[in-house]
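The values are calculated or read from the model by the stated rules, or taken from the named source; none is laboratory data. All of these numbers come straight from a predicted model, not from anything done at the bench. Neighbour counts run over all protein chains shown; Cβ positions are idealised from the backbone, glycine included. Just the protein is used for accessible areas: all its heavy atoms, side chains included, with ligands, DNA and RNA removed. Shrake-Rupley method; radii C 1.70, N 1.55, O 1.52, S 1.80 Å.
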Amino acid sequence: MLESSWLIPLLPLLAFGTIVFFTNRNPRLSSYISIGAVCASFALSVPVLFEVLQNPVASEFKFTWIDLKGFTIQMGILIDPLTAVMLMVVTIVSMLVHIYSVGYMAGDPRFSRYFSFLSLFTFAMLGLVLSNNFFEIFIFWELVGLTSYLLIGFWFEKKVAADAGKKAFITTRTGDLGFLVGIFLLVSAAGTFNFQHIFHQIEAGHIPAGILTISAILIFAGAVGKSAQFPLHVWLPDAMEGPTPVSALIHAATMVAAGVYLVARAMSVYAASSSAALIVAIIGAFTAFLAASIGLVQNDIKRVLAYSTISQLGYMMLALGLGGLTAGTFHLMTHAYFKALLFLGAGSVIHAMHTNDIWEMGGLFPKMRITAITFIIASLSISGIFPLSGFWSKDEIFAVASGYPHPIFLIVAVLVAFMTSFYMFRLCFVTFFGKPRDQHKFEHAHESPRVMTIPLMILAFLSIFAGWVGIPWLHKGYSSFVFFHHPHHAEPKIWLMLISTVVALSGIGLAYLIYYKGAISADKIKRKFAFPYKVLFNKYYFDELYSAIIIKPIIGLANLLFKFDLGIIDWLVNAFGNFCVFLSEVKEWFDSHIVDGGVNGLGWIFKKSGSYLRKIQTGDLSNYILIIFFGILLIIIFKIGL
Amino acid sequence: MITLNHYLALSAILFCVGIYGIFTRRNAIGILMSIELMFNAANINFIAFSKFITPTLLTGQVFAVFVITIAAAEATVALAIVILIYRHHKEINVDKINIMKW
Amino acid sequence: MENSVQSAIFYILAAIIVCSAVLVVTLKNIFHSLLFLVLTFFSVAGIYVLLHAEFLAAVQVLIYVGAITVLLIFAIMMTAQIYSPALRQSNQQVIPGIIVVGILLVVTLTVLGNTTWRVSEKLPASQSVNLIGKSLLTTYVLPFEVVSVVLITALIGAIIIARRD
């Protein structure tokens, strides 16, 4: 069964090809092909998971792709528990998003294209998690970035969307540069691309520590770009300009998790370099805090969720940086489900209200019961309320953070958990409860079609129960399946769970008081903390900062170079052109006077001589006969030798 | 004593006079007459040779008959052509009928 | 005696022939030159008689003097310009003509003088008319018939060429 798992990524690729080349004109058929392919991938992934569950070792299937003297590049698949989990996450979320999109994208003029992109993305993502070497993973990494670009800018008629696509692509490329250099550094030291070979060499201590640390940090740069960690987090909120299902699939559940997956996959590298690991943890913690604080004040429903995603990814990085592979990937899995649910729920609301601004919504609960209930379930889950899946995964992260000698990471984690529950329920209360703020839009609101609500319900189910595989009292649970070197059975810490629950509930309570009861006026707080509010509302002015220190100088440089081009290079080119013109004028004079003169002169000679010689032909018969006879006479004279 | 050379010399003179006529005559009929002179010169030759070289065979005389016949035919056709040219060009001087040049 | 008479006759005839031939090619009036042509023909016929070719002399008179001359007269009559006295009858190449002809004459006479003829001493056949008739219809019957065809072809051709259509 495992041998044929290469089919899993290939089926969506086939669907992509089929849609692009054959069924582009038929949107309905295109969507069916796309959904069918991803469903088949899911169906193939399930037995892979079970097989790995039974025998949790890494199995590798590969073939040589490029064979150079003494150095080969292979293509192949690596299936271990981490891959199996990622396969499930990607295929399930992708499948549900595909189905949801049929409803959400209905009537779009580029329906077929949308589904072909989705299929291509699914292919790339599955290929990424199945890769067995750095070369292959980089290819899929870039392919994922490409599809992300295509889908963010899917409605490219909107300048904002097109700009957001470019921003996402360029920002992640900045990180990818580091990733690429890191790969080269590591590979040049190890002599192979293969993950397992490299990790064995690291564990055997064959690779110098300096190179290891530098390449670890550089590879982490790639993860920073893809997972929208500080300082490359600016692209993700803008990426919300894409269709909402795309946000759910790519920019919440799967692609942005690729960075986390990469760090998890390269865990050996970070385990061997404590300073690099610490950097990962610090960046993760800082990002988690930063994004959560921005999320507190945003008004766009999707942007709040986007900052929430950045924050949660920061959590995962924090866990991984502290060596908690189990905790990080576990949170990756649960987060994928409830964040996909949140986005799809938000999509459902947007579909109904045709706006992203939460202050134009309100009181939607009676009108959109399924959406509202599933959304609240997801919010509870992300807030970490017992016994939903978010509780278990967040608890794992707290446990890892508490294991670090200094309490700073735990404090940050708890603070972020508080903020998370607060902004999530701020969102819930404002959107679904209270009075409708825009009566006109409210009246038109309606529950979304079945094709959209069923994926919501499935995801709600997963948001509740997916975390149960990691309940710490289960000794054959998630922690004994995905682990680094040896299973990490943290003793369940009741006091941590209590703190977590209390913090979450207090966040919810605060949101309830402010936005439901109105007991505390939000405006008053806003006025009281005017400066922090402004800073947060403007996202710490990161965009402005980048614009000032990176984009402006680059544009200035470009202008300078433009002037250089115009002034020097163009001048040189023009001067050369003018010189050529001058040369050709000289040559033209030579041609017209010397060459033409010669030719014309020759013609003139023949013409003149002809005009003289033609007089010989008098047309007078007497003349002719005289000359003929004279000729004959001469012949006779010569013949007889007189 | 009149020898063969006398006759041949006469014939040569007559022939040369005829050639001269062809060279200098403008009138087409004049040229035809010059040609008749040359025919006669040829006939004198034939008959003189017949008389002095082969007196018994008369071959030369027979050929002279043929020459006269051909001369008659030639004169007929040539005069017809002259008349045709005259009709076309209203002209009988050959140096005026010089359209075949340049 | 006989020889000297013959010589005298020859020189007279030769003088007439040469003089009248020169007049034929030089006279301004084409009709006059035609008359001298007739004189030439007659004199040539005389030469034939001297050469014991009586039949040919008769033919000469009949055909040349009778037929061809009449033909020429008709042609001259039909091309009416001849009587215009202003009309020049010779072109500009009199001098080159004389030169070329002079060279030809010199060449021919030189050749004649340098050549030895195998002159036969036999007497010429009497009754030449008889013999000519026989050989025309025996030995030379094919050329004879061909010539007759040529003649009739020429006649028909002349009629067709000169026909006014």
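Laid out as a table, the results:
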read-out: Kyte-Doolittle mean at least -1.0, axial Cα span of 27 Å or more - DSSP H helices of chain C; value: C:2-26, C:30-50, C:94-114, C:141-162
read-out: Proximal lysines to B:LYS51, defined as alpha-carbon separation beneath 19 angstrom and excluding residues fewer than eight positions away on the same chain; value: C:LYS122, C:LYS134
read-out: Percent RCO, i.e. relative contact order, over the range C:1-82, from Cα pairs under 8 Å lying at least 6 residues apart; value: 28
read-out: Projected label distance in nm at A:ILE550 and C:LEU151, using a 7 Å step from Cα toward the beta-carbon; value: 12.4
read-out: Rounded to the nearest 20 debye, dipole of chain C from Cβ charges on Lys, Arg, Asp, Glu; value: 320
read-out: Percent carbon-and-sulfur accessible area, the range B:4-89, ignoring ligands, DNA and RNA, probe 1.4 Å; value: 76
read-out: Chains B and C together, accessible area buried on both sides, 1.4 angstrom probe, square angstrom; value: 7000
read-out: Contour minus Cα-Cα distance for A:THR174 and A:ASN538 (0.36 nm per residue); value: 128.7 nm
read-out: Within 10 Å of each Cβ in C:58-66, the average number of Cβ atoms from other chains; value: 3
read-out: Chain A, relative contact order [Cα under 8 Å, separation at least 6], %; value: 11
read-out: Label-point separation, A:PHE531 to C:ARG164 (7 Å along Cα→Cβ), nm; value: 13.5
read-out: Angle in degrees between helix A:301-321 and the longest Cα principal axis of chain A, rounded to the nearest 10; value: 80
read-out: Rounded to 10°, Cα long-axis angle of helix B:28-52 versus longest principal axis of chain B; value: 10
read-out: Hits among lysines - C-alpha to C-alpha of A:LYS615 under 24 Å, sequence gap 8 or more where chains match; value: A:LYS607, B:LYS96, B:LYS101
read-out: Pairwise burial B:A, computed as accessible area of each alone minus the pair, summed, 1.4 Å, Å²; value: 1000
read-out: Theoretical ellipticity at 222 nm over the protein assembly as shown - DSSP helices of four or more residues, -39500 (n - 2.57) apiece, nearest 500; value: -23500 deg cm²/dmol
read-out: Protein-protein interface of the range A:611-626, residues with accessible area decrease of at least 10 Å², isolated chain reference, 1.4 Å probe; value: A:ARG614, A:LYS615, A:GLN617, A:THR618, A:GLY619, A:ASP620, A:LEU621, A:SER622, A:ASN623, A:ILE625, A:LEU626
read-out: Crossing angle, helix B:59-89 versus chain B [Cα axis fit, 0-90 degrees, rounded to tens]; value: 10
read-out: Carbon and sulfur %, accessible surface of the range C:1-82 computed with the full protein complex present, 1.4 Å; value: 80
read-out: Total formal charge among the other residues, if their Cβ is under 14 angstrom from that of A:LYS394, Lys/Arg +1 and Asp/Glu -1; value: 0
read-out: Prolate/oblate/rounded label for the protein assembly as shown (Cα gyration tensor, a/c 1.5); value: prolate
read-out: Average accessible area per residue (Å²) across the protein assembly as shown - probe 1.4 Å, nucleic acids and ligands excluded; value: 45
read-out: Solvent-accessible area lost in complex, 40 Å² minimum, residues of the range B:78-93 relative to chain alone, 1.4 Å; value: B:LEU79, B:ALA80, B:ILE83, B:TYR86, B:ARG87
read-out: Computed E for B:LEU84/A:ILE637 - FRET, C-beta separation, R0 30 angstrom, nearest 0.05; value: 0.20
read-out: Burial order of peptide ranges A:198-209, A:249-260, A:374-385 (average beta-carbon count within 10 Å, highest first); value: A:249-260, A:374-385, A:198-209
read-out: Fraction of accessible area attributable to carbon and sulfur, chain A (%, probe 1.4 Å); value: 71
read-out: Cα-based equivalent ellipsoid of the range C:1-82: semi-axis lengths in Å, sorted from largest, via gyration tensor; value: 28, 16, 5
read-out: FRET efficiency, 1/(1 + (r/R0)^6) with R0 41 Å, evaluated for A:SER521 and A:ARG369 via beta carbons; value: 0.85
read-out: Average partner coverage of C:3-14, which counts Cβ from other chains inside 10 Å; value: 2
read-out: Interface area, C with A, accessible, probe 1.4 Å, both sides summed, Å² nearest 100; value: 800
read-out: Top positive-direction residue, dipole computed over chain A with Cβ charges, set A:THR147, A:ALA162, A:SER131; value: A:ALA162
read-out: Ratio Rg/Rh [Cα only; Rh per Kirkwood] for chain B; value: 1.12
